[in-house]
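Inspection log for the structure reproduced underneath, given as structure tokens.
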Amino acid sequence: MSRRHPIHRHPIRRLLLPALLSALFAAVTGVTGAAAAPLAPAAQAAAAAAWAPSGNVHDCGSSVHLLVPTRSSGYFAENPGKLLAAPASVAAGPGVATVLDKVASAHVHFLTALSCGQGHPGAPVTGTGGRASADSGSAGNAKGTNWSGYQSMSTGTRYLGGAMTWTVPAPQAPADSVVTSSIWTGIGSGESTSDTLVQAGTEQDNTCQLGCFLYGNVYYFFFELYPQQQQVVVDNLGLEPGDSVASVVQYDPSTQTAYFQLDNLTQKDGLNFTETLTGTDPGSGSHAEWILERTEFNSTWTAVGDFGTLNVTGAQAYAGSSLATARTYAADDPAVDPLAIDLYDCAGQQLEHTSPFTSSTAFTMTWLAYGSSDPAYSC
């Protein structure tokens, strides 16, 4: 079935020889130096016993607040469920247990500061913009024009969280081209502020200029509440190709607060932080997603870099009326009704294939072709 999803614009940052590349990239991200506003009462009340609110946040927006641990990494190793900072979070279930066990076993050090850079501004949802068409792709998968992976299709379900782990790829680019990809887990559709898309993950981009004599590689963590805000880049959490990473997103409807956890399991650093949602019933949570996306840049869907085979593990969602009563689902649970999406360009060339689930919370995405760059929402 045809679906609409939000437009995303993502920054291309930290490129080599930016003056020579400026004709290609219309804008670069900057850092302004402004700190976040004092913590709101809702954010203070939302911090769990193992976490304390902190105002040590820079350039992330006034409603973003950092949470710092009050317990040691040894405590979390013995109590991985406490890694979820949202109050009354349900930690049971095969998916979230896999993710939290990995974070706990890695003895991740949670940072005591959060520094951000702003991405390109978002745009209103217009046109049909279907990311998964009614036509079948390979193996009966849906066809996506810039999303691939899995998306829940169950109706009448309110998703309150999602998680997954993966290894950051190093995409290769053909000569004289730009390739991008973002990998993330999320809940919601982002079609309006009444169904905000809460998402967090990594972006990995590659440019190749003048026969690849000039090139730049870009890797960073990001989070976003779409359409409420543009993409926010996490500047002080390191990321390199080959790193094992985890992302957990949650939404607490009682306080209209989104919770994010981003972890670099290889570098053993992580961040827990919150952001307030705005709008009418902003966290309706119509869907859960585990996605590889070809990024929109300057109103263009780019080619997709050769990322090889991406192994997603720990894919899960949890749903219910509150975090205290939510049930945890593996991504392949029939109640989630997962839709597999393959990636195609507008010319109909298949760029990626999403596999069936290899376990209840694991699947692979395999690169097939760079494809063409297409005007966004033109297919």
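Every read-out reported here was derived from the displayed coordinates using simple, explicitly stated rules and does not represent laboratory data. Given the structure is predicted, the values throughout are model-derived calculations rather than measurements. When we count neighbours, we look across all protein chains shown, and the Cβ atoms used for this are built from the backbone with ideal geometry, even at glycine.
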> Spin-label point model (7 Å from Cα, Cβ direction): what's the Asp101 to Gln349 distance in nm?
Replying inline: 4.2
> So how far apart, in nm, are the two label points at Ala113 and Ser372 if each is 7 Å from Cα heading toward Cβ?
Replying inline: 4.8
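Given 0.36 nm per residue, what is the gain on full extension from Leu210 to Thr155 after removing their alpha carbon distance, in nm? Walk me through the intermediate numbers first.
On the way: separation 55, 0.36 × 55 = 19.80 nm, distance 4.93 nm.
Length gained, Leu210 through Thr155: 14.9 nm.
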> Mind ordering 314-326, 235-247 by average Cβ neighbours within 10 Å, highest first?
Replying inline: 314-326, 235-247
> For Ala88 and Ala52 in one chain, what is 0.36 nm times their gap in residues minus the Cα-Cα distance, to one decimal in nm?
Replying inline: 11.5 nm
